[in-house]
Each structure stands twice: as C-alpha cells, then as structure tokens.
Amino acid sequence: MTNHSKKVMALEAALFIYGDPMPYKKIQKLLDVEAREVPGLVQELLGTLEGRGLALLLHHDAVQITTHPDFADMLQTIVKEELSEDLTP
C-alpha cells in the first residue's frame with residue numbers, strides 16, 4: 001500500500017468520525033500534506049465511494065462524508081424504528 005493510498009484511507013476515517021463538513025485547511029494539517037494535495041485526495045476518495053452506500057458532499061472549501069441520498073427513506077425507517085423501540089409506556 002502506498003503512502004498516498006494510506007492518506008486517502010486516513011481522510012475517509014477522519015471524515016467518518018468528524019461528522020461535520022471538514023475544512024480543507026483542517027485536512028491539510030491532519031494529514032500533514034501540502035494544500036495543493038488536498039483536492040486530489042478528496043477527488044480520489046470521491047471516486048472510491050462511487051457506487052457505494054456512502055457519498056461525499058463538497059462545500060466550497062470543506063468536505064463531509066454522508067450516506068448516499070438513494071437510501072434516505074430506508075435510513076429514516078431504521079431511525080424511526082429505533083426511536084420507537086427505545087420508548088417506554
């Protein structure tokens with residue numbers, strides 16, 4: 001595995017745990033890369049997620065990992081079921 005591949009994997013993991021849109025400057029610092037490298041890492045991760053259950057939302061100078069919009073109804077059902085099971089009479 002190349003160092004570049006590890007950085008793409010690290011970006012995926014960081015975005016997953018971060019939850020909110022992560023600014024490119026934060027990605028640069030976190031991955032210890034040059035600012036010019038960040039868009040390429042984001043684009044590579046975007047390509048690896050194509051056809052998967054996760055997607056990337058690009059916000060000007062930030063990126064966020066999300067579930068794919070095609071599965072919104074199913075995921076809402078899961079959340080509603082979980083919430084109704086946790087309620088007590």
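A few notes on this one:
- Summed over the residues of the chain and divided among them, the accessible surface reaches 74 Å² per residue at a probe radius of 1.4 Å.
- Heavy-atom accessible area ranking, 1.4 Å probe, most first, across Lys29, Lys6, Lys80: Lys29, Lys80, Lys6
- Measuring nothing but how far apart in sequence close Cα pairs (under 8 Å, 6+ apart) lie, relative to its length, the chain scores a relative contact order of 27 percent.
- Within segment 11-47, the GluC sites (Glu not before Pro) that combine a DSSP coil assignment with at most 11 other C-beta atoms in a 10 angstrom radius are Glu34.
- For the chain, with +1 on Lys and Arg beta carbons and -1 on Asp and Glu, the positive-most of Pro39, Met22, Gln64 along the dipole: Pro39
- Within a Gaussian network of the chain (alpha carbon springs, distance under 10 Å), most fluctuating of Val38, Val79, Val63: Val79
- Rg(Cα) / (2.2 N^0.38 Å) computed for the chain, rounded to two decimals: 1.32
- Summed over qualifying helices (DSSP H, 4 residues or more, each -39500 (n - 2.57)) and divided by its residue number, the chain shows a 222 nm mean residue ellipticity of -18000 deg cm²/dmol.
- Other-chain or far-sequence residues with amide H under 5 Å of Met22's (modelled H): Val63, Gln64
The values are calculated or read from the model by the stated rules, or taken from the named source; none is laboratory data. Bear in mind the structure is a predicted one, so any value in this text is a computation, not a measurement. Ideal geometry is used to build each Cβ from the backbone, glycine not excepted, and the neighbour counts take in all protein chains shown. Accessible surface is based on the protein model in full, side chains and every heavy atom, while ligands, DNA and RNA are left aside. Shrake-Rupley method; radii C 1.70, N 1.55, O 1.52, S 1.80 Å.
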